[in-house]
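Below you'll find the structure, written out as structure tokens, and then a few comments.
The values are calculated or read from the model by the stated rules, or taken from the named source; none is laboratory data. Note that the coordinates shown come from a computational prediction; the quantities given were computed from them, not determined experimentally. Every residue, glycine as well, gets a Cβ built from its backbone with ideal geometry; the counts of neighbours run over all protein chains shown. Heavy atoms of the whole protein, side chains included, go into the accessibility calculation; ligands, DNA and RNA do not. Shrake-Rupley method; radii C 1.70, N 1.55, O 1.52, S 1.80 Å.
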Amino acid sequence: IKIAKKLYIGFGIVLGLTAALGYVAVSGLKSISTDMTMQQNASKTILLTMDCAVARRDFVNSSDPKQVETINNKLEEIAKLIAETELIANTEEQAMLKDIDETSGQYQKLFAQFADMQLKLVEIDAKCVELGRAAQTAGSSVGGTDGLTIDNLVRQCRQHEKNYQMRRDMKWAEEVYAAADKALVARCCGDRRGAGGEGAGGRGSDAGGAE
């Protein structure tokens, strides 16, 4: 299962267990004060879990490290609520709370991995942009038709790379490789033509000198 799917499943488990915990609290034979505390903590946990889901979505869209901090803070609040609720819970409820706590911990680990990969992708993307600009500059130095071909192919590489980031479809990665290969071929052809022109010019100069 992909990390993103695991994250969704993790949230579903937390919500389900928390809702069940709220039901048990209402139906249990406890004091009104204890029942209210259990319900309030269950409601707070559900809201915090939803906040985590929103922050995760925002992080996916923006790659903003602040969203990672937000999620970690929310998860810490959930852990505190669980610890507080365990003090007034019965054996059955404590078992459920343990499940919620373990699921929350697993989610935190998975999200940390997900966030690390996402931020690395941002760094790689910045490097790709830098290399793409360098390749366009190199293509311009070739000049003529070959230079225009290289410039166009480099632009295609960058567009395909963006498509891959948005869709995570290997089709676009293959398009990047194909466009890059064509750009290399065009560059080699340009170099050969340039070398041929210089060689011809040199021979002409020698001939002129002999005359």
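Each row is one residue, and each column tells you yes or no for (1) surrounded by 13 or more Cβ atoms within 10 Å (Cβ to Cβ); (2) touching a Cys at 6+ places or on another chain (Cβ under 7 Å); (3) within 19 Å of ASP116 (Cβ to Cβ).
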position	(1), (2), (3)
ARG56	yes, no, yes
ASN61	no, no, yes
GLN67	yes, no, yes
LEU75	yes, yes, yes
LEU81	yes, no, no
GLU92	no, no, no
ALA95	no, no, no
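Okay, residues lined up against (1) part of a loop (DSSP other than H, G, I, E, B); (2) without any contact (Cβ under 8 Å) to a residue 12 or more places away in the chain; (3) closer than 30 Å to GLN165 by Cα:
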site	(1), (2), (3)
LYS44	no, no, no
LEU47	no, yes, no
ASP51	no, no, yes
ARG56	no, no, yes
LYS66	no, yes, yes
TYR107	no, no, yes
GLN118	no, no, yes
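With the structure loaded, tell me whether THR149 is at pLDDT below 80, surrounded by fewer than 18 Cβ atoms within 10 Å (Cβ to Cβ) and among the β-branched types (Val, Ile, Thr) or whether it fails that test. No.
Of the candidates ALA186, ALA179, ALA195, the single residue that is over 20 Å from ASN61 (Cα atoms), modelled with pLDDT of 80 or more, open to solvent by less than 90 Å² (accessible area, probe 1.4 Å) and in a helix (DSSP H, G or I) is ALA179.
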